[in-house]
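Below is one structure, written out as structure tokens; comments come after it.
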Amino acid sequence: MIKNIFKKYKIFIFLGLILIIIIFLKIRASNQKNLPTTPLIPPTVYIAPTPTPDPLLINKFWQDLINTPKESLLEKLGPAEKTVITNNRTVLTYPSDTENWPTQVFLSIDKNSVSFIKRFFPSKEETYLRFIEKYGQYDKKYFGEQSPSGFDIYIFEKTGIAIVASKDSDVILQVWYFSPNNTENLLLIENKNLKETQPKVF
Amino acid sequence: MDSQVYPTTPLPTNNLLSKLALLSEAGHFYLEEKNKDQLYKDWTYTNTEIYLREVVLTLGLMEYFKGESVSFESLLSALDQFLSSPDKNQLESVVPFGILKNLEEILDEENRKKEEIAESIKKAQDEKLAYIKKLAGIKKRLEQKAEEVLIPPEEIVKIAQQIIEEIQPEINNLAKQSQKAIEDENEDLEKVLQEKGQQIYLQAIGKIEFPPVFLQYLLAQELSANTIIKLANQTDNLQRQVTLAAAISPLTKEESLLVREKILPAVYVNITNLSSQTTTEEIKEVVTLSFLQEISEFSQEQLPSEKILYLIKVLSSESQEIVANNQEIFSPAAAPTLIQDNGRVYISLTSPPIPGNPQGEVYKLPGKKDNLTKDFLESLKNGTFKEKAGQLESRISDLTLFKLSIQGISTEELEQMALLAKYKGSFSEVTQLQETASRLRSFQQQAFYRRSDQLQIWETNKDNCFSFSQQVQGFLSGSGISQTVNLGVSKFARQTAQNSLQNLWSGLKIGANRITSGGIGKVFSTGLKTLSTAMLPGLSKAAAFLGLNIFKGAKNILKIGAGIGSGGLSFVGSLLSFSSGGSGKKILELFTWVLVVAIAIVFVLAGPITFSVIGGAFVSQAGSITKSTSECFSFEGSWDQGDLGMENSAILSLSNSLSYFSKLCNKDQLIILVRENSDQWCYVQGNSIYITDKCLGNEENAFYSLTHETGHIFAARNGTIYSEFEKIFGAANKPEAAVCTYPIKPITTSEDFAESITLYLTNQNYPERIYNGCGSKKVILQTEYPIHYTFVTQYIF
């Protein structure tokens with residue numbers, strides 16, 4: 001009799017057993033996750049790194065120019081290569097290491113001081129990760145003109161720096177400078193290019 | 001259809017060729033001792049040696065320095081000989097895709113600089129070389145054994161005379177029966193005669209005093225029924241002497257050559273992989289099967305039956321000693337299934353199984369009911385070998401093709417190997433490989449293309465299944481279920497795996513459809529036990545093949561609820577989100593239930609599982625395009641079969657562009673192709689491409705759209721390349737207008753970038769395409785946008 005019942009329902013008994021095994025393993029797996037983990041990598045002898053120059057030191061130079069009077073700017077950088085009007089602002093351009101991509105220095109509305117700077121194609125050593133290491137986590141992220149290619153805008157509000165960078169590739173296209181804790185100029189100038197949500201890329 | 005899976009004509013990129021040429025240059029630089037401490041471009045001496053060895057091993061160029069030690073010079077010379085082929089421009093289309101991709105990747109400038117990659121390559125090489133060394137050692141031992149001359153030929157005649165004198169009266173008694181056997185062609189009578197005759201022969205030997213070495217040799221001889229009948233029917237003792245001498249004489253020069261060059265390799269490629277736990281019977285089985293594998297070489301009596309029987313006997317006993325001391329266990333990467341030796345290809349029936357594919361030993365399969373080896377040996381003894389050779393050949397062929405199938409070796413891979421062999425000038429290999437490919441194709445078709453729609457289902461799902469399988473495996477390993485599977489395999493390893501394989505083999509033999517045709521009830525009552533033990537080892541792969549239908553079935557049968565979605569693919573989507581950790585506990589529990597049901601259904605549907613085994617839905621050691629594409633894309637949303645086929649076809653065409661594909665794909669971050677029902681253009685968000693109706697319709701359209709959208713993801717994953725593009729084409733005074741084929745104007749630099757790639761590839765794949773974005777005309781990137789063309793060829797292709 002029992003044998004017959006077993007024969008008749010053996011598929012269900014079998015499925016039940018599988019279920020029990022899976023549940024058991026799941027419980028075991030979740031318990032294992034809570035166990036303190038021991039480090040897998042043995043401690044290594046600390047070797048002092050050879051000091052290398054910080055590739056982001058250059059930012060200090062440009063940051064210091066923000067809010068400086070136009071005269072001081074001209075003293076430091078000399079006369080501009082060109083003066084153009086972009087987004088209703090007077091922009092002085094200075095040659096950079098990349099042909100056709102001069103650094104743009106935006107003057108304030110009263111044209112008396114520097115309010116915003118855009119530097120294009122920084123050196124390869126200036127990477128997204130180095131910016132995060134040096135300035136901490138970005139405060140805001142926007143989607144801009146190059147977002148379709150994975151280059152979004154990361155804003156370090158407290159330091160007055162923004163980068164157009166590809167997080168996946170660790171590459172930077174542009175570095176922007178503005179008054180620390182004051183993104184007014186950035187938002188005014190870049191207004192039409194900034195989006196808070198990820199756009200569809202066709 | 002299969003050609004879509006393994007491209008037979010990849011786009012010539014000259015990438016590998018230039019990388020190999022650079023490797024050769026570096027090699028020549030380091031030939032001079034004084035240069036060894038210097039850098040050649042970005043190569044070091046050690047680095048160059050590792051990569052030289054890898055190329056030689058991977059492309060199977062060992063034959064170029066046969067007999068020499070594996071020195072730096074000989075490695076370089078092998079590469080140089082290979083590169084000196086007049087057809088070198090064909091290189092990329094002849095190297096099998098998996099090998100090509102592997103070589104391209106390891107020779108990639110960035111990868112080459114990574115020490116850990118070089119180290120891991122070296123480690124794998126050491127294992128491969130150890131395997132080759134072991135193979136060579138066994139080869140030598142078996143050759144010596146086979147050619148060992150225990151009795152000088154001139155002594156044989158004298159010995160034959162002594163034996164004939166001794167057996168004469170008894171052999172005369174067999175004359176009547178012998179006559180009858182010839183007249184009636186009575187197999188049973190022949191068998192009886194052979195046994196009697198052999199007994200008479202052995203007794204006679206026992207009565208004569210021979211030196212021990214002679215005795216050992218003579219005792220190992222097995223006279224065939226043909227010889228016995230001949231001896232019995234002959235009346236003249238001199239004639240008898242000649243007959244017996246021919247049967248027991250050592251191998252002639254021609255026979256030795258045949259054995260050494262055509263038969264022995266089959267034996268040692270099988271023996272080398274046997275573990276020390278293999279029993280004496282199993283070893284004899286393997287040696288006998290090895291002879292059978294090369295049956296076509298001696299089926300026309302090129303080798304007398306007695307000599308075959310003798311060789312099987314002595315080689316089995318020699319193999320037993322070899323195997324007893326076998327401590328080395330090789331990985332599938334080091335011990336391949338297809339081995340090239342002396343211009344021929346041998347298939348190892350004992351090569352280690354690929355992890356994730358069905359386990360178990362193929363050589364044990366025919367022993368249970370089939371008795372292939374027994375039939376072979378008996379036919380040799382009974383003198384029926386010649387008549388039965390055709391049938392035996394077909395049976396061993398099935399076994400060999402079954403082995404190839406479960407090792408994931410496909411017809412396309414064999415065809416590409418044939419091309420490579422042709423390139424190397426090894427024409428006997430070409431014929432062999434092409435014949436094997438053709439036999440494998442009909443074997444697989446016979447096994448699983450019995451329903452007319454099965455072929456289409458298979459084709460459209462194959463690539464997708466690999467992708468899904470990876471997700472399943474990912475989930476399983478996270479949940480601990482795979483440990484159950486692994487535990488199952490290791491704990492009951494041998495028996496369970498062997499039963500599993502036996503069931504698959506039987507399923508194949510009796511016809512997969514017939515297993516399921518009896519309905520679920522019948523399978524429950526007859527097949528549950530065997531099926532339940534059968535499927536665990538290859539479960540996830542089998543589930544992968546069945547993924548699209550199995551979960552649909554699960555839903556219908558158990559009415560799990562609307563949460564799973566309307567079809568198999570939306571379930572894949574849910575699964576993806578499970579594995580990414582974005583779901584709640586309840587869904588996870590639900591998934592557990594679904595999985596249990598899935599497992600149950602896998603057990604029940606023996607037929608489709610057999611399809612997946614035989615059809616090659618398993619991992620190939622050499623890698624394959626299907627695997628590569630599945631490491632790049634996954635599918636989500638409700639795809640119908642037609643659209644799915646179209647999209648898969650687009651992916652496969654895209655994957656032909658190896659350089660682009662390798663830079664685009666990242667197996668840790670798949671590109672998700674989401675089917676979306678809307679009337680807008682398809683679009684990208686993050687790593688997902690949303691495919692709408694506008695981007696399908698036909699294969700050309702699907703290819704064009706997919707390429708464009710992947711162009712955006714390519715930019716994000718290759719920021720340095722995009723940055724260079726932006727420098728040139730994003731500047732105010734850009735040297736060339738944006739590519740007009742992109743229909744939405746104005747065209748941004750990002751779209752220009754994606755479209756440049758698209759136009760380049762579409763020009764190659766669909767040169768007649770008309771572009772509405774440029775006023776409905778044909779556009780050629782090279783002639784109309786030469787600066788864009790130069791950029792993409794320099795940086796991307």
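Residue-by-condition table, conditions (1) over 15 Å from A:Gln174 (Cα atoms); (2) in a loop (DSSP other than H, G, I, E, B):
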| position | (1), (2) |
| --- | --- |
| B:Glu724 | no, no |
| B:Lys727 | no, no |
| B:Ala732 | yes, yes |
| B:Ala737 | yes, yes |
| B:Tyr742 | yes, yes |
| B:Asp752 | yes, no |
| B:Glu755 | yes, no |
| B:Thr758 | yes, no |
Residues located in region A:141-162, provided they are in contact (Cβ under 8 Å) with a residue 24 or more places away in the chain and either more than 12 Å from chain B (Cβ to nearest Cβ) or of a type in the set (Asp, Glu) (or both): A:Tyr142, A:Glu145, A:Ile153, A:Tyr154, A:Ile155, A:Phe156, A:Glu157, A:Thr159, A:Gly160, A:Ile161, A:Ala162
Quick one: which of A:Lys111, A:Lys76, A:Lys70 is surrounded by 13 or more Cβ atoms within 10 Å (Cβ to Cβ) and more than 29 Å from the chain's Cα centre (by Cα)? A:Lys70
In the list B:Leu392, B:Leu380, which residue meets the criterion of being assigned to a helix (DSSP H, G or I), in contact with a helix residue (DSSP H, G or I) (Cβ under 7 Å, 6 or more places away or on another chain) and over 18 Å from B:Lys191 (Cα atoms)? B:Leu392
Reported set for region B:410-439 where residues are over 18 Å from the mean Cα position of the chain (by Cα) and at pLDDT 80 or above is B:Phe427, B:Ser428
Tally time: how many residues in region B:722-741 are of a type outside the set (Asp, Glu), more than 9 Å from every other protein chain (Cβ to nearest Cβ) and under 25 Å from B:Leu654 (Cβ atoms)? 5
May I ask you to list the residues in region A:164-202 that are within 13 Å of chain B (Cβ to nearest Cβ) and either more than 21 Å from B:Phe729 (Cα to Cα) or touching a Ser or Thr at 6+ places or on another chain (Cβ under 7 Å) (or both)? A:Lys167, A:Asp168, A:Ser169, A:Asp170, A:Val171, A:Ile172, A:Leu173, A:Lys195, A:Thr197, A:Gln198, A:Pro199, A:Lys200
Does region B:762-784 contain at least one residue that is of a type in the set (Ser, Thr, Tyr), assigned by TED's automatic domain parsing to the domain that holds B:Arg675 and closer than 19 Å to A:Ser149 by Cβ? no
Tally the residues that are more than 14 Å from every other protein chain (Cβ to nearest Cβ), polar (S, T, N, Q) and touching a residue at least 40 places away in the same chain (Cβ under 8 Å), restricting the search to region A:126-140. 0
Looking at region A:123-131, is at least one residue at pLDDT below 95, more than 10 Å from the chain's Cα centre (by Cα) and either polar (S, T, N, Q) or under 28 Å from B:Thr741 (Cα atoms) (or both)? yes
Report, ordered by the first and then the second residue, all pairs with beta carbons closer than 8 Å, sequence separation of six or more or different chains, a first member in region A:187-202 that is without any contact (Cβ under 8 Å) to a residue 12 or more places away in the chain and surrounded by 14 or more Cβ atoms within 10 Å (Cβ to Cβ), and a second member that is in a loop (DSSP other than H, G, I, E, B) and of a type in the set (Val, Ile, Thr). A:Phe202/B:Ile744
Which of the residues that make up region B:170-198 are part of a loop (DSSP other than H, G, I, E, B) and closer than 24 Å to B:Phe376 by Cα? B:Glu185, B:Asn186
B:Ser299 being assigned to a helix (DSSP H, G or I), in contact (Cβ under 8 Å) with a residue 24 or more places away in the chain and under 22 Å from B:Ser224 (Cβ atoms): no
So which of B:Ser442, B:Ser397 is modelled with pLDDT under 80, assigned to a helix (DSSP H, G or I), farther than 20 Å from B:Pro332 by Cβ and of a type in the set (Gly, Ala, Ser)? B:Ser442
When you go through B:Thr252, B:Thr278 one by one, which is the residue that is out of contact with any Cys (no Cβ under 7 Å at 6 or more places or on another chain), surrounded by fewer than 24 Cβ atoms within 10 Å (Cβ to Cβ), among the hydroxyl-bearing types (Ser, Thr, Tyr) and touching a residue at least 24 places away in the same chain (Cβ under 8 Å)? B:Thr278
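Yes/no matrix, rows are residues, columns are (1) buried (at least 19 other Cβ atoms within 10 Å of the Cβ); (2) polar (S, T, N, Q); (3) under 19 Å from A:Phe178 (Cα atoms):
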position: A:Asn88; (1), (2), (3): no, yes, yes
position: A:Pro95; (1), (2), (3): no, no, no
position: A:Thr103; (1), (2), (3): yes, yes, yes
position: A:Phe106; (1), (2), (3): yes, no, yes
position: A:Glu125; (1), (2), (3): no, no, no
position: A:Ile132; (1), (2), (3): no, no, yes
position: A:Ile161; (1), (2), (3): yes, no, yes
Which one is farthest from B:Leu338 (Cα to Cα), of the residues in region B:410-431 that are crowded, with 21+ Cβ neighbours inside 10 Å and among the polar types (S, T, N, Q)? B:Ser426
Those residues of region B:760-791 which are in a helix (DSSP H, G or I) and more than 13 Å from B:Glu736 (Cβ to Cβ) amount to B:Tyr760, B:Leu761, B:Thr762, B:Asn763, B:Gln764, B:Asn765, B:Asn772, B:Gly773, B:Cys774
Would you check which residues across region A:84-97 are assigned to a loop (DSSP other than H, G, I, E, B) and in contact (Cβ under 8 Å) with a residue 24 or more places away in the chain and list them? A:Asn87, A:Ser96, A:Asp97
Which of the numbered conditions does B:Thr710 fail, given that it passes all the others? Conditions: (1) at the interface with another protein chain (Cβ under 9 Å from one of its Cβ atoms); (2) part of a helix (DSSP H, G or I); (3) farther than 18 Å from A:Asp152 by Cβ. (1)
Here is a check on your reading of the model: is B:Leu365 modelled with pLDDT under 85 and assigned to a helix (DSSP H, G or I)? yes
What is the residue count in region B:753-772 for residues that are within 12 Å of chain A (Cβ to nearest Cβ) and either touching a Cys at 6+ places or on another chain (Cβ under 9 Å) or surrounded by fewer than 22 Cβ atoms within 10 Å (Cβ to Cβ) (or both)? 1
Answer from A:Leu25, A:Leu56, A:Leu15 - the residue that is at pLDDT 60 or above, within 14 Å of chain B (Cβ to nearest Cβ) and surrounded by 11 or more Cβ atoms within 10 Å (Cβ to Cβ): A:Leu15
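The values are calculated or read from the model by the stated rules, or taken from the named source; none is laboratory data. For clarity, every value in this text was computed on a predicted model and none was experimentally measured. Quick reminder, even Gly has a Cβ in these numbers, built from the backbone with ideal geometry, and neighbours come from all protein chains shown.
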